[in-house]
Amino acid sequence: MSNNYFHSITLDKEKCMGCTNCIKRCPTEAIRVRNGKAQIIEERCIDCGECIKVCPYHAKVAITNSLDEINKFKFKIALPAPTIYSQFKEKDINKIIHSLYSLGFDYVFEVAIAAEIVSLWTREIIKSNHIKMPIISSACPAVVRLIQIKFPNLIENILPLSSPMELAARISKEYISQTKNIKINDIGVFFISPCAAKMTYIKNPIGFNKSYVDGVIAIKDIYLKMRNLMKKSESIENKISDANPTGILWAASGGESLALGIDEYVNVDGIHNVLKVLEEIENGKMEDIKYFEGLACIGGCVGGPLTVENSFVAKNRIKALSSKYKKEKSSNIYYNNINYNNYLFEKKIFSNPVLELDSDIVEAMKKYEKANEIVKILPGLDCGACGSPTCKSLAEDIVRGQANDTDCIFILRESIKQLANKMLELSNKLPPSLESEEKE
C-alpha cells in the first residue's frame, strides 16, 4: 500500500492517555501503545471507527470536510445517507431534505434511491451466477478493506458493483451537468455521512480509478444546524423526497439483504462479528449461502461513528419510516435505462498482506517459528499492558524488531527478581583476599 494512502481516522496525541482500550478492540491489531501514547499502524488500519467509539478521551478523530467547503463549487449537491432520516425525531423526510437545501445545497439526491438501484442490479448479478458464492456485499468499505488484509482468498467473492454512495454521486453529477448545462468540475458532490471509512474511500476508491464524491460531511457536524432549521420551518407542502422503503432500510443491518428477495443470505453487523463469519466463509462452512451482508458498525450504518443518535433508537426509526413510506411509489427519473455493466468495478481489488511477518516466505516461516517459541514464554493473558493487543501480537512485534520481551511486565518482573537474587548472591561474596583478612 502506498505511503500516501489517506486515512480518515487519526490520533490526537495531546488527548491520548495511553489507556490501551483501543488496542484491544481494533479488528486488525493496527494500534500499539508506546511511550504512553497510542500509535496507529496505517498499513493495517481499515478506518472502521471502532477506536473512535471506545476511546474514553476522544483521542481518535475522523477527518471529514466542513460545510464551508461546499462553497468551493459553483453548484452544490448533497447526498444524504439513509441513516440521516433516523437521527431526528422528525417523521417527515421532506423536512429533513428541505433543511439541507436551507444549508446552502442547490440539489439533494438521496442515496436511498441509489441503494434501491444497487439492490435491483445485485439481484440480476446473483441470478447470473457469474460471481463466486456467497457474494459479499461491497457497500461497507471497512469490510472490504478487512478482506484485503485478513481474507485475501475471499476477494473474488466481493460484489464488483458501485456502492450506493458512489452511484448516487455519478448519477446526480451527470444529471445536473446535462440538464443545467454546468461543467462537471463546477459541480461539488458531498456525502452526508455516518461513516469515517467513506472519507477514506473517496480518497482511495475501491474498484474504481476515481470517486465522483468531492467531499464527506459528518452527520454530527451539521446535526444541530439541521435540527434548528427544521424547528423553524413549517410543514412542506410539496413532496421533495423520492426515498422508498427499500432504500431507507439500507441504513440498518439486514436492509440490504431484504431487498434482494432471497432467503439464502446472512447479514451481520459489528466488525468483530463480521470477522467470525468471514472466517467461516473462508473455511467453507457457508456454501449454501448466496449473499453475505457484513457491516462494520453495530446495527449497521445507524451505528456509525459520525452519527448522534443511539443506534437502537435509530434502527427503530428506520423501520418505522420504511413502513410509513411502504405504499408510496418512487417517482425518480434518474436511472431509467441505465445498464449496470457501466457501474461494475473498473479495476481489480488486490490483497494487502500487511499481517505477514516477512515478504520472503522462508524468512516469514523462520519468524513464525520464532514467534511461536516466544509465545510459549509469555503469560497468555492478553492484558495489553505491554502496548500490544495480545501476547501473540507482542511475539510478532518482537520478531519484527518492534518490541522486546521485557515489554511484558511479567517477564520484566521475573527478570528483575532474578537480577535481585543474583545481586544478593553476589553481595554475600567477597574476594579471596578480603575473606582471608576477615578470618584473621
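The values are calculated or read from the model by the stated rules, or taken from the named source; none is laboratory data. Keep in mind the model is a prediction, meaning the values are calculated, not measured. Positions of Cβ are backbone-derived with ideal geometry, glycine not excepted, and every protein chain shown enters the neighbour counts. We work out accessible area using only protein heavy atoms, side chains counted, and drop any ligands, DNA or RNA first. Shrake-Rupley method; radii C 1.70, N 1.55, O 1.52, S 1.80 Å.
Under 7 Å between Cβ atoms, which residue pairs at least 6 apart in sequence (or on different chains) link something in region 176-197 that is among the β-branched types (Val, Ile, Thr) with a partner that is open to solvent by 50 Å² or more (accessible area, probe 1.4 Å)?
182/74; 189/214
Could you check, for region 204-216, whether at least one of its residues is part of a helix (DSSP H, G or I) and either under 26 Å from residue 270 (Cα atoms) or of a type in the set (S, T, N, Q) (or both)? Walk me through it before giving the result.
Kept after step one, since they are part of a helix (DSSP H, G or I), are these residues of region 204-216: none.
Checked region 204-216: no residue is part of a helix (DSSP H, G or I) and either under 26 Å from residue 270 (Cα atoms) or of a type in the set (S, T, N, Q) (or both).
Only one of these is β-branched (Val, Ile, Thr), more than 21 Å from the chain's Cα centre (by Cα) and farther than 20 Å from residue 241 by Cα: 117, 136, 126. Name it.
Details: 117 fails: farther than 20 Å from residue 241 by Cα; 136 fails: more than 21 Å from the chain's Cα centre (by Cα).
Going through 117, 136, 126 in turn, just one is β-branched (Val, Ile, Thr), more than 21 Å from the chain's Cα centre (by Cα) and farther than 20 Å from residue 241 by Cα: 126.
Being more than 30 Å from residue 170 (Cα to Cα), touching a residue at least 12 places away in the same chain (Cβ under 8 Å) and part of a loop (DSSP other than H, G, I, E, B) is the filter here, so list the residues in region 333-380 that pass it.
Scanning region 333-380 gives 353, 354, 355, 357, 378, 379.
Condition test on residue 217, is it open to solvent by less than 30 Å² (accessible area, probe 1.4 Å) and in contact (Cβ under 8 Å) with a residue 40 or more places away in the chain?
Numbers: open to solvent by less than 30 Å² (accessible area, probe 1.4 Å): yes; in contact (Cβ under 8 Å) with a residue 40 or more places away in the chain: yes.
Considered against the rule, which asks whether it is open to solvent by less than 30 Å² (accessible area, probe 1.4 Å) and in contact (Cβ under 8 Å) with a residue 40 or more places away in the chain, residue 217 comes out as yes.
If you take the residues in region 117-137 that are among the charged types (D, E, K, R) and touching a residue at least 40 places away in the same chain (Cβ under 8 Å), which one is nearest to residue 248 (Cα to Cα)?
Our first condition is that a residue be among the charged types (D, E, K, R); within region 117-137, this holds for 123-124, 127, 132.
Now restrict to residues that are touching a residue at least 40 places away in the same chain (Cβ under 8 Å): 123-124.
Values: 123: 18, 124: 21 Å.
The qualifying residue nearest to residue 248 (Cα to Cα) is 123.
Kindly indicate the residue of region 68-88 that is open to solvent by 30 Å² or more (accessible area, probe 1.4 Å) and touching a strand residue (DSSP E or B) at 6+ places or on another chain (Cβ under 8 Å) and also farthest from residue 191 (Cα to Cα) among those meeting that condition. Walk me through how you get there before you give the answer.
First, pick out the residues of region 68-88 that are open to solvent by 30 Å² or more (accessible area, probe 1.4 Å): 68-69, 71-74, 76.
Next, from what is left, pick out any that are touching a strand residue (DSSP E or B) at 6+ places or on another chain (Cβ under 8 Å): 69, 72-74, 76.
Numbers: 69: 12, 72: 15, 73: 15, 74: 17, 76: 11 Å.
Among those that are open to solvent by 30 Å² or more (accessible area, probe 1.4 Å) and touching a strand residue (DSSP E or B) at 6+ places or on another chain (Cβ under 8 Å), it is 74.
What number of residues within region 1-45 are in contact with a helix residue (DSSP H, G or I) (Cβ under 8 Å, 6 or more places away or on another chain), more than 27 Å from residue 279 (Cα to Cα) and open to solvent by less than 30 Å² (accessible area, probe 1.4 Å)?
Residues flagged as in contact with a helix residue (DSSP H, G or I) (Cβ under 8 Å, 6 or more places away or on another chain), more than 27 Å from residue 279 (Cα to Cα) and open to solvent by less than 30 Å² (accessible area, probe 1.4 Å) within region 1-45 amount to 2.
What are the residues in region 113-146 that are of a type in the set (Gly, Ala, Ser) and open to solvent by 30 Å² or more (accessible area, probe 1.4 Å), if any? Full working, then the answer.
Residues of region 113-146 that are of a type in the set (Gly, Ala, Ser), as a first pass: 114-115, 119, 128, 137-139, 142.
Result: 128, single match.
Among the residues of region 19-39, which ones are assigned to a loop (DSSP other than H, G, I, E, B), more than 25 Å from residue 218 (Cβ to Cβ) and in contact (Cβ under 8 Å) with a residue 24 or more places away in the chain?
Matches in region 19-39: 20, 29.
Among the helices (runs of 4 or more DSSP H) lying completely within region 93-150, list those that include at least 1 residues that are farther than 28 Å from residue 48 by Cβ.
Numbers: elements: 93-102, 111-128, 141-150.
Filter on region 93-150 gives 93-102, 111-128.
Check whether at least one residue in region 300-308 is at pLDDT below 95 and within 27 Å of the chain's Cα centre (by Cα), and report yes or no. Steps first, answer last, please.
So the first thing to find is which residues in region 300-308 are at pLDDT below 95, and the list is none.
No: region 300-308 contains no residue that is at pLDDT below 95 and within 27 Å of the chain's Cα centre (by Cα).
Where the second residue is in a helix (DSSP H, G or I) and among the charged types (D, E, K, R) and the first is more than 9 Å from residue 371 (Cβ to Cβ) and lies in region 390-408, which pairs have Cβ atoms under 6 Å and are six or more apart or on separate chains?
403/397
Considering only residues that are assigned to a helix (DSSP H, G or I) and among the polar types (S, T, N, Q), look in region 55-92 and name the one that is nearest to residue 318 (Cα to Cα). Show your work before the answer.
So the first thing to find is which residues in region 55-92 are assigned to a helix (DSSP H, G or I), and the list is 67-72, 82-86.
Pick out the ones that are also among the polar types (S, T, N, Q) and you get 71, 83, 86.
Working: 71: 31, 83: 8, 86: 6 Å.
Here the residue is 86.
I need the full set of residues from region 243-286 which are closer than 16 Å to residue 115 by Cβ, open to solvent by 30 Å² or more (accessible area, probe 1.4 Å) and assigned to a loop (DSSP other than H, G, I, E, B), in order please.
Within region 243-286, just 261 meets the criteria.
Among the residues in region 322-335, are any open to solvent by less than 50 Å² (accessible area, probe 1.4 Å) and modelled with pLDDT of 95 or more?
No, there is no match, as no residue in region 322-335 is open to solvent by less than 50 Å² (accessible area, probe 1.4 Å) and modelled with pLDDT of 95 or more.
Can residue 186 be described as among the acidic types (Asp, Glu), open to solvent by 20 Å² or more (accessible area, probe 1.4 Å) and either within 30 Å of residue 146 (Cα to Cα) or in contact with a Gly (Cβ under 9 Å, 6 or more places away or on another chain) (or both)? Talk me through it step by step, then tell me what you get.
Working: among the acidic types (Asp, Glu): yes; open to solvent by 20 Å² or more (accessible area, probe 1.4 Å): yes; either within 30 Å of residue 146 (Cα to Cα) or in contact with a Gly (Cβ under 9 Å, 6 or more places away or on another chain) (or both): no.
Answer is no for this residue.
Can you tell me which residues in region 161-183 are surrounded by 12 or more Cβ atoms within 10 Å (Cβ to Cβ), of a type outside the set (A, V, I, L, M, F, W, C) and not in a helix (DSSP H, G or I)?
Those that are surrounded by 12 or more Cβ atoms within 10 Å (Cβ to Cβ), of a type outside the set (A, V, I, L, M, F, W, C) and not in a helix (DSSP H, G or I): 162, 163.
Which one of the conditions (1) at pLDDT 90 or above; (2) open to solvent by less than 70 Å² (accessible area, probe 1.4 Å) does residue 377 fail to meet, given that it meets all the rest?
The failed condition is (2).
Test of understanding: among 240, 206, 202, which residue is of a type outside the set (Phe, Trp, Tyr), closer than 19 Å to residue 148 by Cα and in contact (Cβ under 8 Å) with a residue 24 or more places away in the chain? Don't jump to the end; show me each part of the working.
Details: 240 fails: closer than 19 Å to residue 148 by Cα; 202 fails: in contact (Cβ under 8 Å) with a residue 24 or more places away in the chain.
None of the others qualify; the one that does is 206.
Restricted to region 217-238, and to residues that are farther than 19 Å from residue 68 by Cβ and of a type outside the set (D, E, K, R), which residue is modelled with the highest pLDDT?
230
Read through the list (1) open to solvent by less than 60 Å² (accessible area, probe 1.4 Å); (2) more than 34 Å from the chain's Cα centre (by Cα); (3) at pLDDT 90 or above; (4) not acidic (Asp, Glu), then give the number of the only condition that residue 403 fails.
Unmet for residue 403, out of (1) open to solvent by less than 60 Å² (accessible area, probe 1.4 Å); (2) more than 34 Å from the chain's Cα centre (by Cα); (3) at pLDDT 90 or above; (4) not acidic (Asp, Glu): (2).
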